[in-house]
Each structure stands twice: as C-alpha cells, then as structure tokens.
Amino acid sequence: MVAAAGACIAAGAALLQAHISRDTEFRHLRAYLYVSHSQLDQNPNSAGAEIPIKHSRATPAYKIKVDAVALVGKYLLNDDDLGDPTQLGGAIHKQISILNGTDDYRTSVSVSYPDAIRLLNNTDKLLGEHALYIHGIVRYHDIFSLEGSQPERKYEFCFVFRPNIDATGAEYGCDKYNKPG
C-alpha cells in the first residue's frame, strides 16, 4: 500500500516535471516580436515616426500583419479613445512573410493632412495641448501557433509625441499597450 502511494507521488512529480520542461521549451523557443520608434519626423506637411518591428528570439515569426495609424488628439487620451487600428481610416496595412533572429522590419507611420499638423503645432492654451499618437497592432505566428497548439500572437503598441515638449516620443499614457503578447 505504501509502495503504491509512493509510486503515485513519483508519477505525479514526473508529470509535473514534464509539464515544466515543456513550458520552459515553449518560452525559450517561441518567437517574440516587439516594436520601438524613432524620433518624431516633422515638416510643414506631415508628422510621423519610423516604427521598427524587431525579433528577439531564435525561431522565426511567420505571417506577420502590421496595422498602424497616426492620430492627433488631446494630450492625454484615454486608452479607449485610440480605437482599433485595423478599423481606422488612414491606417497602414502591411504583411511580411517571415522575420528571423535579429531581423527587423521598418515602416513609417504619419499624418499628412494640414488640419492635423496645425492642431499638433498649435500653442493656443485654450484649445489644450495636442499630441501625435502612433498606435497599432502586430499579429504573427510562431512554430507553436502554426502547429495549432497556441493561438496567433499579438503585440499592441502606442507611442506619444509632443512636438513642443518631447519629440523623442514616450509610452506615457499608453499604459495598456507595449507589452509582449
């Protein structure tokens, strides 16, 4: 009886160890993409930034879809005010087949209509401060999601540019974004 209980405990411990080993393998091998940004690039007709999508693991990311949009809005917006970048007019839609190792993909996201540029550069305090928000989502697959054991991965991003205060951009006000998926 004691031997049978000991065998059950040992079997349970072996099963737990196998699960931990599989989870470690999964975390180590899966693809992780992340997004950063360049400094605000502004001229009289447009304002935007380059958005590099970077890969940080050993296995490739497949079927990468990028949807991003630049919006001018009051500083500081609620996260809910940004909307779904896949549904917004003026959004860029790109598809990349694969990213490996230390590869990255760069795309520019900007606003170019005169009213938005005027509003962004306005210093009239009665109108309130405005900022450029670059918001988007990167969706992709890795070796685990292609075999069907894991869903499509996603990384939602948001960066805020304030031309008269911080042209380098920040994540402040985008607290719900910029987290690995």
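Every read-out reported here was derived from the displayed coordinates using simple, explicitly stated rules and does not represent laboratory data. Just so you know, these numbers come straight off a predicted model, no measurement behind them. We place every Cβ from the backbone using ideal geometry, glycine too, and count neighbours over all the protein chains shown.
Each other residue within a Cβ distance under 10 Å of Pro52 adds +1 if Lys or Arg and -1 if Asp or Glu, for a net charge of 0. Counting alpha carbon pairs within less than 8 Å and at least 6 residues apart, what relative contact order, in whole percent, applies to region 45-120? Computed value for region 45-120: 55 percent relative contact order.
Ranking Ile92, Ile134 by Cβ neighbours within 10 Å, fewest first, what do you get?
Ile92, Ile134
For Lys154, the lysines whose Cα falls under 23 Å of its own Cα, not counting residues fewer than eight places away in the same chain, are Lys54, Lys63, Lys65, Lys94, Lys176, Lys179.
Electrostatic tally near Arg162: other residues with Cβ closer than 12 Å to its Cβ, Lys and Arg +1, Asp and Glu -1, net -1.
Leu132: net charge of surrounding residues, Cβ under 13 Å, Lys/Arg +1, Asp/Glu -1, itself excluded? Could the numbers behind the result be given before it?
Details: positive: Lys74, Arg118, Arg162; negative: Asp41, Glu129, Asp166.
Residues close to Leu132 contribute a combined charge of 0.
Proximity of backbone amide H atoms, modeled 1.01 Å from N, is registered between Ile53 and Tyr105, Arg106, Thr107 at under 5 Å, excluding neighbours fewer than 5 places apart on the same chain.
Starting from the Cα-Cα distance between Asp84 and Asn164, subtract it from 0.36 nm times their residue separation and give me the gain in nm to one decimal.
Details: separation 80, 0.36 × 80 = 28.80 nm, distance 2.73 nm.
Here the segment from Asp84 to Asn164 would lengthen by 26.1 nm.
Taking the Cα centre of each part, how many Å lie between region 118-178 and region 62-76? Measuring centre to centre over Cα atoms gives 6 Å.
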